[in-house]
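The values are calculated or read from the model by the stated rules, or taken from the named source; none is laboratory data. Fair warning: this is a prediction, and the values are worked out from it, not measured in the lab. Cβ placement follows ideal geometry from the backbone for every residue including glycine, while neighbour counts extend to all protein chains displayed. Just the protein is used for accessible areas: all its heavy atoms, side chains included, with ligands, DNA and RNA removed. Shrake-Rupley method; radii C 1.70, N 1.55, O 1.52, S 1.80 Å.
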Amino acid sequence: MEIRKVGVIGCGLMGSGIAQVAATAGFETVVREVAEEPLKKGFEAIEKSLAKFVEKGTLTAQQKDETRQRLRGTTSLDDLADCDLVIEAITENLELKHETFGHLDKICKPETIFASNTSSLSITEMMTVTSLERQRRFIGLHFFNPVPIMKLVEVVRTILTDPAVYDEAVRFAERLGKVPVRTSDRTGFIVNRLLVPYMLDAIRALEEGVGSIVDIDNAMKLGCGYPMGPFTLGDFVGLDTTYYIAEIMFNEFREKRFAPPPLLKRMVKAGLHGRKTGRGFYDYTKDPKNPTPMNLL
Ligand code: CAA
Ligand code: NAD
């Protein structure tokens, strides 16, 4: 079955980017949010990103308009019933994802492929709420932030994945202009298994007084050539999401390197979720382009 129509669930940081790249690549795309307000915010991010591509000359104004015409927002899950592929990108919470996939399984075509963009949850655990036949058509498609720019997609198979579905998913990532890597359903897949302990260690280093937020960020940027230091990256990913991921990975592996540091937990409880709430390790509220470090200790 050829993938023509794509459904995306969640229009936050990741869902908006995934919907954008799917529509840009020529797929009819419908994205679902829980309410009009987050949908509007997601579409604003898409507009801004598409405008950047037009400004740079990598997309023409006509291609931008065509992309927008292929892209539709909705608050009803039922509007995804006729999709060939559904990619879930909602909050990193197994209960919410189960609820969503359980409903989708009842309304979608038997041949629809289900995919999750989860960072750390088990695809196998996620798919258990769907029929056995669907479980053969259930995969992980893990995109990276910012989706319109980052080239990688981890394509995740479980022990039940139909090889033809897996190949189709790899082809889909290629049709988006991305570079797929094949991986299996092990918590954190390739990237987060390596990246998450690094980000958490940076927070522990801050807690222990090894260096300030700015100095640790600069050290990793200028000493290792990383595009962003670990705190700028944490604010960019979302500290709530980083915290959920760490909890899930710690529960899976029971290893200290995945344990969320107390400072991260307190920041999330206090609503310091990074760029998306205006404050995290840095304060973006006054000048988002030149954020100032927060006094956290
Ligand atoms: N849409 C379109 N263009 C965008 C964009 C977007 N959303 N975001 C950035 N850009 C463009 C900018 O316009 C700019 O274009 P030009 O070079 O033509 O001017 C270019 O990208 C670079 O952007 P900036 O100059 O603003 O900043 P930068 O050089 O620091 O690059 C970045 C930004 C690409 C995000 C870079 O900092 C980077 O690669 N950071 C690391 C990101 C990363 O590690 N992501 C993975 C996070 S982990 C994850 O996603 C997995 C998980 O499960 C948590
Ligand atoms: P986010 O908080 O920016 O967005 C999540 C969105 O999901 C919110 O807008 C919320 O309203 C919406 N939502 C919640 N329940 C929903 C439902 N039932 N139906 C439709 N929408 C619903 O989070 P995010 O950063 O976009 O993360 C989404 C997923 O992508 C998570 O599983 C996360 O682990 C994963 N991920 C995140 C990153 C990252 O860098 N932030 C990178 C790769 C993967």
How would His142, His103, His98 line up by accessible area, probe 1.4 Å, largest first? His103, His98, His142
Under 20 Å from the Tyr198 label point (7 Å along Cα→beta-carbon), backbone N, the range 272-296: 275, 281-282
When the accessible area of the chain is split by element with a 1.4 Å probe, what percent falls to carbon and sulfur? 53 percent
Sort out for me the Cα centre separation of the range 253-297 from the range 129-182, rounded to whole Å. 30 Å
Rounded to whole angstroms and listed largest first, the alpha-carbon spread of the chain along its three principal axes comes to 55, 47, 34
What accessible area per residue comes out for the range 146-297, rounded to a whole number of Å², with a 1.4 Å probe? 52 Å²
Taking the alpha-carbon centre of each part, the distance from the range 63-119 to the range 1-62 in Å is 13 Å
Can you give the net charge of the other residues whose Cβ lies under 13 Å from the Cβ of Thr241, counting K and R as +1 and D and E as -1? -2
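In nm, what is the difference between 0.36 nm times the number of residues separating Arg266 and Lys151 and their Cα-Cα distance? Display every interim value, and only then the final one.
Working: separation 115, 0.36 × 115 = 41.40 nm, distance 3.30 nm.
Full extension from Arg266 to Lys151 adds 38.1 nm.
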Mean Cα-pair separation over length for the chain, i.e. relative contact order, pairs under 8 Å, 6 or more apart, %: 13 percent
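Looking at the calculated P(r) for the range 140-266, what percent of the C-alpha pair distances fall above 18 Å?
Values: 4726 of 8001 pairs.
The calculated P(r) of the range 140-266 puts 59 percent of pairs beyond 18 Å.
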Could you work out how far helix 191-207 tilts from the main Cα principal axis of the chain, as a 0 to 90 degree angle to the nearest 10? 20 degrees
Give the angle, between 0 and 90 degrees and rounded to the nearest 10, that separates the Cα long axis of helix 36-56 from the longest principal axis of the Cα atoms of the chain. 80 degrees
About its Cα centre, how strong a charge dipole does the chain have in debye, to the nearest 20, once Lys and Arg get +1 and Asp and Glu get -1 at the Cβ? 520 debye
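Which order do Thr183, Thr285 take by accessible area at a 1.4 Å probe, largest first? Please report the intermediate quantities before stating the final value.
On the way: Thr183 15, Thr285 90 Å².
Greatest to least solvent exposure: Thr285, Thr183.
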Using helices alone, I'd like the mean residue ellipticity at 222 nm for the chain: each DSSP H run of four-plus residues gives -39500 (n - 2.57), total over residue count, nearest 500. -14500 deg cm²/dmol
